[in-house]
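Below is one structure, written out as structure tokens; comments come after it.
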Amino acid sequence: MQMYVDGRWHEGSDGGRISVINPARTSEIVGSIPDGTAIDVDVAVSVAKRAQLEWARLSLAERAAMVAEAGARLAAIDPSAPEALTREMGKILAESVMDFQSPPWAWSHYLNDLDALDRVLTDRRFDDTGRLEVRRRPVGVVGAIVPWNWPIALLGVKLGPALLAGNTIVAVPSPFASLGVLKAIEAIGAALPAGVVNVVTGTGERVGAALSAHPDVDMIAFTGGLEAGRAVAQALGSRLRRGVFELGGNDPAVLLDDVTVDDDLIRKLVAAFTVTSGQVCFAVKRLYVHDSLLEEVTAKLGDALQDVVVGDGLDPEVTMGPLANERQFKRFTAMLAEAEASGAKVRSFGRARDQGSWSGGYFHLPSLVTQVRAEERIVADEQFGPALPIVGFRSDSEAISLVNATPYGLTSSIWTTDPSRAWEMAGHIDAGVTFINKHGMAAFDPGAPFGGVKDSGYGREMGAEGLLEYTWTHQINDRQILG
């Protein structure tokens with residue numbers, strides 16, 4: 001495929017290309033994308049800057065109608081698009097379909113009540129002293145840098161509010177998931193004026209860095225790893241420009257002593273740490289279980305995991321695909337090996353769909369890690385893979401200390417039969433989000449802000465707060481207050 005700039009498809013300026021490998025069969029080249037350069041970024045930013053003036057002049061209703069049409073086109077996309085996403089990054093087809101369906105769902109929060117959206121964007125005040133308006137103006141050109149795990153959904157939560165606020169976009173997807181993004185943009189771009197949405201493909205080191213440093217990029221919305229996020233933030237800081245950063249998390253789930261350990265609980269926990277092979281920023285990464293329930297929960301999780309079938313995500317019998325790329329596979333397996341070498345017990349469950357092709361992909365069975373020390377990387381860091389360390393605790397205060405003993409603070413969850421106890425405990429957890437008796441995809445509310453604290457980043461996506469990130473305030477005032 002080609003990159004998408006000014007409503008047309010383009011090759012990169014130097015003609016270089018990046019091959020896209022299937023992580024389920026590493027001998028298979030799925031396709032290729034342009035290996036973009038700073039020149040390509042400069043062209044795209046210039047186009048977006050020119051288009052932004054006209055886009056911002058449209059009324060909110062006009063912009064909303066086009067965003068709604070873009071969502072409808074994305075929802076009706078050809079099945080070959082999610083199939084391409086599965087082939088390039090590995091997750092099961094049902095998750096890839098959900099990835100493409102996510103943006104229209106997220107955008108509906110804004111589109112279903114344009115009057116409320118208008119009130120968010122303009123605060124009008126009249127009294128006997130005069131008139132005051134606080135208008136929310138678009139920041140201008142927004143750079144959107146998205147990762148490989150849920151690239152369409154994570155681009156969508158940036159596109160919707162940014163476009164509705166009057167901004168234009170230059171997106172840089174991960175080279176491990178650019179084909180799916182380009183297919184999504186083909187649908188979205190058909191509903192928008194040329195230049196409003198643009199995609200430059202390539203590596204973070206070249207096009208991501210060039211986008212972050214470009215003088216005409218007014219803001220970056222970034223989802224990805226901590227070190228890459230720091231580099232982007234430093235580039236923005238040197239130019240005094242803003243950003244929204246979601247940098248992952250080491251997300252804990254806490255099972256209190258009164259929780260009912262039934263099939264529903266176990267099913268939800270399994271889904272919360274095996275979704276996309278554990279490669280989700282808000283997946284459960286650490287499980288803290290009261291000592292009185294530790295043995296029972298561990299045994300029931302193991303029993304449930306025996307039903308997991310690992311293999312090619314396009315196979316309808318497969319319930320969990322491979323890890324997305326060689327780098328992530330090596331990092332994850334090294335973490336498990338380190339924990340085991342230090343005395344932790346690592347047990348794997350489930351089965352391979354095709355044992356003959358197992359060694360040809362980045363496959364790993366879901367695993368439970370017990371008798372593990374808190375300082376091991378598999379507990380202290382974000383493993384981003386299908387392994388769940390399980391740690392016991394004796395009191396609520398100890399659980400809170402364990403949960404907060406991390407540089408991250410994205411999501412968390414508390415599981416109990418006592419809602420008041422959960423709400424009280426949630427107030428002591430250092431995280432941008434705390435779910436109660438749920439965790440994962442089904443827990444999300446598109447009308448609520450999402451984001452982290454500490455090393456999980458800053459700024460918010462979704463909800464009114466997510467929309468306002470893409471604006472600056474302009475006070476217009478004829479009030480006579482004094483004299």
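Things to note:
- Among the trypsin sites (Lys or Arg not before Pro) in the range 1-91, none is located in a DSSP loop while being surrounded by at most 15 other Cβ atoms within 10 Å of its own Cβ.
- Sparse-neighbourhood loop sites, trypsin sites (Lys or Arg not before Pro) in the range 329-405 - DSSP loop, at most 14 other Cβ within 10 angstrom: 373, 394
- HN-Hα J in Hz across the range 396-409 - Karplus 6.51, -1.76, 1.60, θ = phi - 60°, x for Gly and Pro: 4, 5, 5, 4, 5, 4, 5, 4, 7, 7, 7, x, 9, x
- Out-of-range pairs (alpha-carbon distance over 21 Å; input 285/345; 300/330; 91/183; 345/454): 300/330; 345/454
- The distance from the alpha carbon centre of the range 250-270 to that of the range 314-330 is 25 Å, rounded to a whole number.
- For the chain: relative contact order, % (alpha-carbon pairs under 8 angstrom, 6 or more apart): 19 percent
- Relative to the longest principal axis of the Cα atoms of the chain, the long axis of helix 263-274 makes an angle of roughly 60 degrees.
- Centroid-to-centroid separation of the range 414-440 and the range 159-187 [C-alpha atoms, Å]: 33 Å
- Here the 3J(HN,Hα) profile of the range 312-325, calculated from phi with Karplus coefficients 6.51, -1.76 and 1.60 at θ = phi - 60°, is 4, x, 7, 6, x, 7, 7, 10, 8, x, x, 5, 7, 7 Hz, Gly and Pro shown as x.
- Where the chain is the region considered: accessible area per residue in Å², 1.4 Å probe: 40 Å²
- Helix 326-341 axis, angle to the chain major axis (alpha carbon atoms, nearest 10°): 40 degrees
- Beta bridges per DSSP, both residues in the range 27-179: antiparallel share near 50 percent.
- Total charge dipole magnitude, the chain, about the Cα centre, Cβ charges on Lys, Arg, Asp, Glu only, Debye to nearest 20: 1040 debye
- Crossing angle, helix 38-57 versus the chain [Cα axis fit, 0-90 degrees, rounded to tens]: 60 degrees
- Student exercise, the range 202-344 dipole from Lys, Arg, Asp, Glu Cβ charges, in Debye to nearest 20: 1080 debye
- Extension gain for residue 8 to residue 345 (0.36 nm times residue separation, less C-alpha to C-alpha distance): 115.9 nm.
- Divided by 2.2 N^0.38 Å, where N counts the residues, the Cα radius of gyration of the range 98-210 comes to 1.27.
- Once the Cα gyration tensor of the chain is diagonalised, semi-axes √(5λ) in Å: 38, 29, 19
- Looking at the chain alone, DSSP beta bridges between its own residues are antiparallel in about 45 percent of cases.
- The three principal axes of the Cα atoms in the range 1-160 give end-to-end lengths of 74, 37, 21 Å, sorted in falling order.
- Dipole axis of the chain (+1 Lys, Arg; -1 Asp, Glu on Cβ), positive-most option in 159, 212, 13: 13
The values are calculated or read from the model by the stated rules, or taken from the named source; none is laboratory data. These figures come from a predicted structure and were not determined experimentally. Positions of Cβ are generated from backbone atoms using ideal geometry, with glycine treated the same way; all protein chains shown enter the neighbour counts. Each accessible area value is taken on the protein alone, full model and side chains, heavy atoms only, with ligands, DNA and RNA left out. Shrake-Rupley method; radii C 1.70, N 1.55, O 1.52, S 1.80 Å.
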